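Notes to accompany the following structure.
The values are calculated or read from the model by the stated rules, or taken from the named source; none is laboratory data. Here the structure is a predicted model, which is why all the values come from computation and not from measurement. Methodologically, a virtual Cβ is constructed for each residue, glycine included, from the backbone with ideal geometry; neighbour enumeration extends over all protein chains shown. All accessible areas refer to the heavy atoms of the entire protein, side chains included, with ligands and DNA or RNA removed. Shrake-Rupley method; radii C 1.70, N 1.55, O 1.52, S 1.80 Å.
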Amino acid sequence: MNIPANLKYTKDHEWVLIEGDVATIGITDFAQKELGDIVYVEVETLDQTMHKDDVFGTVEAVKTVSDLFLPLSGEITDFNDDLESTPETVNSDPYGKGWMIKIKISNPSEIEELLSSDAYNELIGG
């Protein structure tokens, strides 16, 4: 299982890359394996300011649809448009080209609540 040490994680199986006041967010390798073949990623919250744990979109796999929860409060500034035509990138490269959104972080203290790679590995039974 791939769990990069430079990222933060949530109990909802999302990863967060913090770069200054910008966070890039996607779903983890574990999550994409659990979901199976991803056929659609929907994010209709671009340019909205949302709170931590709000639903910012959905990811649809062959057998299920899952909500995507915002790991940090902030304004959604970017959506990975490539996922509209190639949602399977989330399966093949969840930590790279399969990123989903970028946000401008509005409450940096929430970063402390995210999981380290070790804590996330423990959560998934690694």
- Query: Within the set of pairs 6+ apart or on separate chains, which have a first residue in segment 4-21 that is small (G, A, S), a second that is open to solvent by 10 Å² or more (accessible area, probe 1.4 Å), and C-beta atoms under 9 Å apart?
  - Reply: A5/S116; A5/S117; A5/D118; G20/I105
- Query: Of everything in segment 28-47 that's more than 23 Å from E112 (Cα to Cα) and part of a loop (DSSP other than H, G, I, E, B), which residue is most open to solvent (accessible area, probe 1.4 Å)?
  - Reply: E44
- Message: Restricting to segment 51-62, and then to whatever is farther than 25 Å from D21 by Cβ and β-branched (V, I, T), can you tell me which residue is least open to solvent (accessible area, probe 1.4 Å)?
- Response: V59
- Message: Considering only residues that are over 11 Å from V39 (Cα atoms), assigned to a strand (DSSP E or B) and not β-branched (V, I, T), which ones fall in segment 53-62?
- Response: F56, G57
- Item | Residue within segment 57-65 that is modelled with pLDDT under 95 and either of a type in the set (F, W, Y) or touching a strand residue (DSSP E or B) at 6+ places or on another chain (Cβ under 8 Å) (or both) present | yes
- Query: Within segment 5-23, can one find any residue that is farther than 24 Å from S106 by Cβ, open to solvent by less than 40 Å² (accessible area, probe 1.4 Å) and either in a helix (DSSP H, G or I) or among the aliphatic types (A, V, I, L, M) (or both)?
  - Reply: no
- Out of (1) of a type in the set (A, V, I, L, M); (2) closer than 13 Å to E14 by Cβ; (3) over 14 Å from the mean Cα position of the chain (by Cα), the one V90 does not meet is (3)
